[in-house]
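Asks: Take a look at the following structure, please.
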Amino acid sequence: MPLTSKKPPLPSEDKRWRIVNGTMRRHGYARDALIETLHTVQESFGFLDKVALRFVADSLRVPLSQAYGVATFYHFFTMKPPGEHVCLICMGTACYIKGAGALLNEAQAALGIQAGETTADAKASLMTARCIGSCSVAPAVVFDGETMGNVAGKNLREKLAGWRPA
Amino acid sequence: MTFEELEQIAAETRENREKSPRELNVCVAAGCLSLHSDAVKKSLEEEVKRTGATCRVRGTGCMGLCSLGPLVASEPSGQLYKSVAAADAAEIVKNLEGAPVPRLLCSREQPFFQRQNLIVLENSGRIDPEKIEEYIAADGYRALVHALTEVNPNEIVQEVSKSGLRGRGGAGYPTGLKWGTVSKTAGTTKYVICNADEGDPGAFMDRSVLESDPHRVLEGMAIAAYAVGATRGYIYVRAEYPLAVKRFGTAIREARRLGFLGSQICNTKFNFDMEVRIGGGAFVCGEETALIASIEGRRGAPRPRPPYPAQAGLWDMPTLINNVETFANIPSIVRRGGDWYASIGTKKSKGTKVFALTGKVRNVGLIEVPMGTTLRQIIYEIGGGGPEGHKFKAVQTGGPSGGCIPEQFLDLSVDYESLRELGSIMGSGGMIVMDDSACMVNVAHYFMEFCMSESCGKCIPCRSGTAQMFELLTRMTLGTATARDLELLEELCDMVSSTSLCGLGQSAPNPVLSTLRYFRDEYIEHINEKRCRAGVCECGSTVGVTA
Amino acid sequence: MNPAPSVKTLMIDGKDVSARADQSILDAARENAIPIPTLCHLDGLSEAGACRLCLVELKGTPRLQPACVTLVEEGMEVTTQSPRLEKYRRMVVELLFAERNHVCSVCVSNNMCELQDMAKQLGVTHVRFPYRYPRLPVDTTHERFTMDHNRCILCTRCVRVCTEIEGAHTWGVFGRGVDAHLITDLDIPWGTSDTCTSCGKCVQVCPTGALFEKSKVGMQSQKNPDFLNYLNEMREIER
């Protein structure tokens, strides 16, 4: 059975599990640390998988169904490994009004994938955000964590082309 | 901490600044950062070092006029430079003492700055958000020390009630009343929660306040905790705001260091500490009961109210939830008095409101105006009107829970009641200006897609009703809808708003209802003529293809 | 001090009734033979307040209130039937039918389904909304039971009975919005779950043909959630 009073062993030798364990320890292995811990898993590994969810759920004594329910409820969490580069297009109202929809179409065409997908060569992922709060420089796009404001189709194409040299 | 100690820190900080008064303040809040103000700051620092000029280069919070960023303020002259590039550093540093650089000059005399009345944003762009001493030098934490050492909790609640402050998260519930309820409810442990899950697309007020002046929010929360008898606080911040999370985390550590958080604060019996909780990208968590579920580590699904969080909130304990801007008003109210605050604004809506003014308007940025300012003043005087060659069409307030207000109501004063009468809401403060390049059916479709995918899925009207409304609106944008579809859409709007469990579903039809109310002819054109006058929808081209 | 809860008097559909202060409007109405439709409510489980069928009008309150979670109050005037309420209730049923693939004629629960009964009772003869026809799986991996997602209305009775009564926590909800669906453990095939005790309580509380016993067909597949009250009473006595 998955739940025992004993803490489960780390899933592997990977040092990143100790970081995950650290977050749980800091919260006294309380059940309400689930979301905080999942954030740590995603920061450390880039995504959540079933090994991680089982480890976290067992450590915090959260039922597996609840852990999975939480992980899939919050769209910030992803169950798929991201590409080497991530292009995140803000679809907030201000960006939308200023042409974010066209940017998304350009990016989809340039990468040959839909939003939420990763290219077959695992070089690039394309994501959309509800609003990143950079409305003043709409339309905004985040390339590998760095926000670029007033993005035109040209900037976008150049940036994406740089990630995947032909 | 006593008043004397506080004054000493303030004096030392001011003295240090006066010793070498020259400084260049670079905005490093989100807007300017995405225009690479960090590179500008670095370049200025290098230039100062290279030339040996006596000048401090500081990173500060938002200066408001984000569309002209990166902004740099030169002190003590007060000159503001706009659209500064890293390459401009040499020229700026060279001209520190003499005449300013005319090419980059941005006048502070323009209506964008003159029309505003800063309370929440008074320190934004003026202090270094990562240094608690600078907040103290700007009268920070005086309100908390006053509250703890000179008045009792009930007097604080009275003062907040007197101020007339209403919840800035959108619904406008009287803050003093909420505090009174929590303070009167018995409970072994009580909690204070700051809702910083600013989910409205097109709104960035809370983000800016947290990035520019985090201690103001922290102080407001601590005062609230004292007033209602809480010992523990949480601030629930969106994961999309990493800088805000970082700065608030720094603020908490700094406040602990100086004893504004912890046990026996200011040598009184008051104990209070708090932690940051990071959201997971769910708009519905802006709803109080969903936010509480999320802090408890569960799915963010709302539950029926009553009981209200004031009676049974976090872990079923009495819980006070206010949003960032509400807490940010508290230190000023406690310091200057409820009467002072109540003297600003309209009869029923007191004080100021921060808006994120964006969209098709020249001056995009963050503004703070007294309640009762008209939409026309905001859009045309402060915002400078729309770009050339386009005609104003509507202003959207309240995000996915709000509506679109057309030109004929621009002279209406902005307050909770007037916006509601127009079929919109105050919301958290997003204000998106749209011109004739926007299609109102498309805008309604955009917001319905938002509500559909943000619905938690618990109650049927919201889960399934928003999906149906989205489908009907999709047909309209594609030119395949019939008059019958419009009837069904209106029926669904009524049903979903009347029967949904929480505010998300209850207000999800608002963008449709308000555009139907003022722009019905655009819907009719999409249905009858398969025509989109703004040229946004592809309804004409698909006739006969998909039908 | 007498710890007995106080008694409130209120009016439901013009009839004077009395109820304990800790009773919901739904309880009070049913005790007095006043029917209020429900789907997510089940005696013996916690309330979800999710189906919105039990919404009633309260005099002096602008918003409709769910009878299942609203406690009675002194002097309350409740209306459980009105053209407006009936219209909304019919629409709730329509929305459910359009949401997934409810084809009564080929459903194991035909004529024994609470959704079907509700449609009949409310006079829903056809659905005006576009059917969504989502492609949904049927999980037949459990040796005794089947989960057909096409028939699920997300009332979460199974989740609640599994959590609150059986204590196994096998069932959960995946995702959100219209894409939400039920899962067992980490979204694994039901038959491979090591938390499921195969007690079958979830099957008995399911109002539709989403959860059913493989071996039972026709009238045999009638569900019986009465065990809930018995279990709760016995627990109360043991305490």
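Asks: Is there a residue in the range B:374-386 that is buried (at least 22 other Cβ atoms within 10 Å of the Cβ), outside the structural domain of B:Gly169 (by TED's automatic domain parsing) and under 18 Å from B:Pro511 (Cβ atoms)?
Replies: Yes, there is a match, as at least one residue in the range B:374-386 is buried (at least 22 other Cβ atoms within 10 Å of the Cβ), outside the structural domain of B:Gly169 (by TED's automatic domain parsing) and under 18 Å from B:Pro511 (Cβ atoms).
Asks: Considering only residues that are at the interface with chain C (Cβ under 7 Å from one of its Cβ atoms) and surrounded by fewer than 24 Cβ atoms within 10 Å (Cβ to Cβ), look in the range B:468-493 and name the one that is farthest from C:Ala180 (Cα to Cα).
Replies: Within the range B:468-493, the subset at the interface with chain C (Cβ under 7 Å from one of its Cβ atoms) is B:468, B:471, B:488.
Filter once more, so that each one left must be surrounded by fewer than 24 Cβ atoms within 10 Å (Cβ to Cβ): B:471, B:488.
Numbers: B:Glu471: 18, B:Leu488: 24 Å.
Checking each candidate, the answer is B:Leu488.
Asks: What number of residues within the range B:412-437 satisfy the criterion of being within 14 Å of chain A (Cβ to nearest Cβ) and buried (at least 23 other Cβ atoms within 10 Å of the Cβ)? Please lay out each step first, then the result.
Replies: Let us first name the residues in the range B:412-437 that are within 14 Å of chain A (Cβ to nearest Cβ), namely B:424, B:427-437.
Now drop any that are not buried (at least 23 other Cβ atoms within 10 Å of the Cβ), which leaves B:424, B:427-434.
Residues flagged as within 14 Å of chain A (Cβ to nearest Cβ) and buried (at least 23 other Cβ atoms within 10 Å of the Cβ) within the range B:412-437 amount to 9.
Asks: Filter the range A:16-51 down to residues that are small (Gly, Ala, Ser), assigned to a helix (DSSP H, G or I) and out of contact with any Ser or Thr (no Cβ under 9 Å at 6 or more places or on another chain), then give me how many there are.
Replies: Restricting attention to the range A:16-51, the residues satisfying the condition of being small (Gly, Ala, Ser) are A:22, A:28, A:30, A:33, A:44, A:46.
With the extra rule that they be assigned to a helix (DSSP H, G or I), the set shrinks to A:22, A:33, A:44.
Subsequent filtering for residues that are out of contact with any Ser or Thr (no Cβ under 9 Å at 6 or more places or on another chain) retains A:44.
Residues meeting the conditions: 1.
Asks: Determine if the range A:145-156 includes at least one residue that is touching an Asp or Glu at 6+ places or on another chain (Cβ under 6 Å), of a type in the set (A, V, I, L, M, F, W, C) and over 24 Å from A:Gln42 (Cβ atoms).
Replies: Our first condition is that a residue be touching an Asp or Glu at 6+ places or on another chain (Cβ under 6 Å); within the range A:145-156, this holds for A:153, A:156.
Checking the rest, the ones that are also of a type in the set (A, V, I, L, M, F, W, C) come to A:156.
Imposing the further condition that a residue be over 24 Å from A:Gln42 (Cβ atoms) reduces the set to A:156.
Checked the range A:145-156: at least one residue is touching an Asp or Glu at 6+ places or on another chain (Cβ under 6 Å), of a type in the set (A, V, I, L, M, F, W, C) and over 24 Å from A:Gln42 (Cβ atoms).
Asks: Go over the candidates B:Val209, B:Val160 one by one and state the one that is of a type outside the set (D, E, K, R), closer than 15 Å to B:Cys62 by Cβ and part of a helix (DSSP H, G or I).
Replies: It is B:Val209.
Asks: Residues to consider are A:Val141, A:Val137, A:Val56; find the one that is without any contact (Cβ under 8 Å) to a residue 24 or more places away in the chain, buried (at least 23 other Cβ atoms within 10 Å of the Cβ) and touching a Ser or Thr at 6+ places or on another chain (Cβ under 8 Å).
Replies: Numbers: A:Val141 fails: without any contact (Cβ under 8 Å) to a residue 24 or more places away in the chain; A:Val56 fails: without any contact (Cβ under 8 Å) to a residue 24 or more places away in the chain.
After applying the criteria, what remains is A:Val137.
Asks: If you check A:Ala102 against the conditions, is it within 12 Å of chain B (Cβ to nearest Cβ) and assigned to a helix (DSSP H, G or I)?
Replies: Values: within 12 Å of chain B (Cβ to nearest Cβ): yes; assigned to a helix (DSSP H, G or I): yes.
Here the answer is yes, as A:Ala102 does meet what is asked.
Asks: Answer yes if at least one residue in the range B:478-489 is in contact (Cβ under 8 Å) with a residue 40 or more places away in the chain, over 19 Å from C:Arg128 (Cα atoms) and not assigned by TED's automatic domain parsing to the domain that holds B:Lys393, and no otherwise. Let's see the steps before the verdict.
Replies: Within the range B:478-489, the subset in contact (Cβ under 8 Å) with a residue 40 or more places away in the chain is B:478-483, B:485-486.
This time we only want the ones that are over 19 Å from C:Arg128 (Cα atoms), so: B:478-479.
Still in the running and not assigned by TED's automatic domain parsing to the domain that holds B:Lys393: B:478-479.
Within the range B:478-489, one or more residues are in contact (Cβ under 8 Å) with a residue 40 or more places away in the chain, over 19 Å from C:Arg128 (Cα atoms) and not assigned by TED's automatic domain parsing to the domain that holds B:Lys393.
Asks: For a quick check of your reading of the model, give me the residue pairs whose first member lies in the range B:447-467 and is more than 8 Å from chain C (Cβ to nearest Cβ), whose second is modelled with pLDDT under 95, with beta-carbon atoms closer than 6 Å and at least 6 apart or on different chains.
Replies: What qualifies is B:Phe447/B:Pro400; B:Phe450/B:Pro400; B:Cys451/B:Pro400.
Asks: Another question about this same structure. Quick one: which residue in B:Ser43, B:Ser67 is under 27 Å from A:Val137 (Cβ atoms), among the hydroxyl-bearing types (Ser, Thr, Tyr), touching a residue at least 60 places away in the same chain (Cβ under 8 Å) and part of a helix (DSSP H, G or I)?
Replies: On the way: B:Ser43 fails: touching a residue at least 60 places away in the same chain (Cβ under 8 Å).
Of B:Ser43, B:Ser67, the one residue that is under 27 Å from A:Val137 (Cβ atoms), among the hydroxyl-bearing types (Ser, Thr, Tyr), touching a residue at least 60 places away in the same chain (Cβ under 8 Å) and part of a helix (DSSP H, G or I) is B:Ser67.
Asks: Evaluate the range A:110-133: report whether one residue or more is under 21 Å from B:Asp200 (Cα atoms), over 16 Å from the mean Cα position of the chain (by Cα), of a type outside the set (Val, Ile, Thr) and assigned to a helix (DSSP H, G or I).
Replies: Among the residues of the range A:110-133, not one is under 21 Å from B:Asp200 (Cα atoms), over 16 Å from the mean Cα position of the chain (by Cα), of a type outside the set (Val, Ile, Thr) and assigned to a helix (DSSP H, G or I), which makes the answer no.
Asks: Run down C:Val203, C:Val161 and say which single residue is buried (at least 20 other Cβ atoms within 10 Å of the Cβ), closer than 24 Å to C:Met118 by Cβ, touching a residue at least 40 places away in the same chain (Cβ under 8 Å) and away from chain A (no Cβ under 14 Å). Reasoning before the result, please.
Replies: On the way: C:Val161 fails: away from chain A (no Cβ under 14 Å).
Exactly one of C:Val203, C:Val161 is buried (at least 20 other Cβ atoms within 10 Å of the Cβ), closer than 24 Å to C:Met118 by Cβ, touching a residue at least 40 places away in the same chain (Cβ under 8 Å) and away from chain A (no Cβ under 14 Å), namely C:Val203.
Asks: Select from the range B:193-239 the residues that are under 28 Å from B:Gly359 (Cα atoms) and either surrounded by fewer than 24 Cβ atoms within 10 Å (Cβ to Cβ) or not assigned by TED's automatic domain parsing to the domain that holds B:Leu291 (or both) and list them in ascending order.
Replies: Scanning the range B:193-239 gives B:Tyr236, B:Ala239.
Asks: Another one. Among the residues of the range B:12-52, write down those that are under 30 Å from B:Ile367 (Cα atoms) and among the small types (Gly, Ala, Ser). Spell out how you get there, then give the answer.
Replies: Pass one, the range B:12-52, residues under 30 Å from B:Ile367 (Cα atoms): B:13-14, B:17-18, B:21-45.
Scanning the range B:12-52 gives B:Ala29, B:Ala30, B:Gly31, B:Ser34, B:Ser37, B:Ala39, B:Ser43.
The values are calculated or read from the model by the stated rules, or taken from the named source; none is laboratory data. What you see is a predicted model, and the numbers here were worked out from it, not measured in a lab. Neighbour counts run over all protein chains shown; Cβ positions are idealised from the backbone, glycine included.
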